[in-house]
Amino acid sequence: MRDTTLMIREEAFKTIMNKTTRGFNRKLKAEYISNLVNDINTFEGRFFYAMLNLIFGFIIYSACLLILFFLDYKLGLVMLVISFMMFLINRTFQKKTMRMEMDVQRRNEKFTVNVSNTFSGLEILKLNRLEDRFLLNTIKETDKLERRKARFFIFTFWQSKFSQFLGSMVSLGIIYYMISTAGENYDLARIMFTISMASSTIWPITEIMPLLNVLKSNA
């Protein structure tokens, strides 16, 4: 994480430094600062968190699915199909997640530009006694930024909860299937272990899908 973040900051700074004077002046200095600080900090916090948990969840899912195929290949096939269906369901949230993330980044950039311009001309504002007006404007921009961030976090939160709800329904179905197919000479330990493995193929998926959407929105 450290090395990748360092490389991104270096490459971003090199790109800005290598711009022509005309190309550099197409954007405000505060926008470049926002890109180097805010956007990369967001990338570091969300992208790596999502990526590491995504890898961990996928390893658990793959291992449990492989064990499940040895225990009950029919149930293994069913869980594989259900996993694919849950993937398609969660993918419908992807575009909105990416759109909301981009909106937060743009609002963050606008906020940084506004604050930078205010501080640059603060002496003039004080001489003309206009600081209260600009303070009010900055407070409004801060409110807009925090509202965008709150909408994004609430959306991803309920997306995760919806996935967990689907996982709970599937888990109940697994228990019903195992009870209904158990014969007179059933092995309780084997049944419980099979239920555990089948459930363990669902719960990583409920975590992976929202993280995948966050990952793509920060890529």
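The values are calculated or read from the model by the stated rules, or taken from the named source; none is laboratory data. Note that this is a predicted model, so its numbers are computed, not measured. When we count neighbours, we look across all protein chains shown, and the Cβ atoms used for this are built from the backbone with ideal geometry, even at glycine. Surface areas here come from the heavy atoms of the whole protein model, side chains and all, with no ligands, DNA or RNA. Shrake-Rupley method; radii C 1.70, N 1.55, O 1.52, S 1.80 Å.
Counting only helices (runs of 4 or more DSSP H) that fall entirely inside the range 93-209 and contain at least 2 residues that are more than 30 Å from L75 (Cα to Cα) and modelled with pLDDT of 80 or more, the qualifying elements are 94-120, 131-181. The set of residues in the range 59-75 being in a helix (DSSP H, G or I) and touching a residue at least 40 places away in the same chain (Cβ under 8 Å) consists of I60, Y61, C64, L65, I67, L68, L71, L75. Here the condition is being at pLDDT 75 or above and within 20 Å of the chain's Cα centre (by Cα); of I59, I40, I82, I67, it holds for I59 alone.
Would you check if there is a residue in the range 25-35 being at pLDDT below 75, part of a helix (DSSP H, G or I), within 19 Å of N108 (Cβ to Cβ) and open to solvent by 70 Å² or more (accessible area, probe 1.4 Å)? The answer is yes, given that some residue of the range 25-35 is at pLDDT below 75, part of a helix (DSSP H, G or I), within 19 Å of N108 (Cβ to Cβ) and open to solvent by 70 Å² or more (accessible area, probe 1.4 Å).
Return yes or no: is S180 of a type outside the set (A, V, I, L, M, F, W, C) and open to solvent by 50 Å² or more (accessible area, probe 1.4 Å)? Here the answer is yes, as S180 does meet what is asked.
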